[in-house]
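The structure appears below as structure tokens.
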Amino acid sequence: MDNIYLIGFMGTGKSTVAKCLQKFLPFTVLEMDDAIERIEAMSIPEIFEKKGEDGFRDAESQLLKLISKEKNQIISCGGGVVLRQENIDVMKSTGSVVRLIASPEIIYERVCKNQNRPLAAGKSLDEIKSLINSREESYFKAAEFVVDAGNMSPDEITSEIIRQLALAGRLN
């Protein structure tokens, strides 16, 4: 089977949902941010501090190209993976791209105090809304499937993803 790429803004539940999906599908889970931290031997904030956002995005793109060669993976992508068209092309050509969405208010509650998220830490709700809006077109271009993860449990989100993929014939 092809891969399942979970995309969406930080705090939409990609990591949690990836683990839930694994209970129902014979796939391995890969958390891109964790893999980048292991490869770079630095935390995400340290990578941003030492290499900048472009350095982080370079590492993200390199990792995506490498892991996309495998199959049967649930890949929890970083929130900004869609900012590069080359990444969107890789994901679409090697799997199904599922976007998780949530309201800015829910996202803000989930991420505003997390110091491991350098683009969100200490930001106001308006700043989070602005960042979400700046990425909207990229998310729209990338996503084949969209699930509102804001008011559902991880199990409900998982069921909806499986339903959508099955209806599209992607779980053969």
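Tabulated values for the structure
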| read-out | value |
| --- | --- |
| Test result for GLU49, of a type in the set (D, E, K, R), surrounded by fewer than 19 Cβ atoms within 10 Å (Cβ to Cβ), modelled with pLDDT under 95 and farther than 28 Å from ARG170 by Cα | yes |
| Any chance ILE67 is modelled with pLDDT of 95 or more, farther than 13 Å from PHE9 by Cβ and crowded, with 19+ Cβ neighbours inside 10 Å | no |
| Those residues of region 90-102 which are within 15 Å of the chain's Cα centre (by Cα), of a type outside the set (A, V, I, L, M, F, W, C) and part of a helix (DSSP H, G or I), in sequence order | LYS92 |
| Unique residue being among the acidic types (Asp, Glu) and either open to solvent by 60 Å² or more (accessible area, probe 1.4 Å) or in contact (Cβ under 8 Å) with a residue 24 or more places away in the chain (or both) when the list is GLU109, GLU160 | GLU109 |
| Output for region 142-157, where each listed residue is modelled with pLDDT of 95 or more and open to solvent by 90 Å² or more (accessible area, probe 1.4 Å) | GLU156 |
| Test: residue in region 70-83 that is surrounded by fewer than 22 Cβ atoms within 10 Å (Cβ to Cβ), out of contact with any helix residue (DSSP H, G or I) (no Cβ under 8 Å at 6 or more places or on another chain) and without any contact (Cβ under 8 Å) to a residue 40 or more places away in the chain | no |
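The values are calculated or read from the model by the stated rules, or taken from the named source; none is laboratory data. Note that the structure is a prediction, hence the values are computed from the model and not measured. Glycine gets a Cβ as well: all are built from the backbone with ideal geometry, and neighbour counts include every protein chain shown. The protein model used for the area step is the full one, side chains on, heavy atoms only, and it has no ligands, DNA or RNA in it. Shrake-Rupley method; radii C 1.70, N 1.55, O 1.52, S 1.80 Å.
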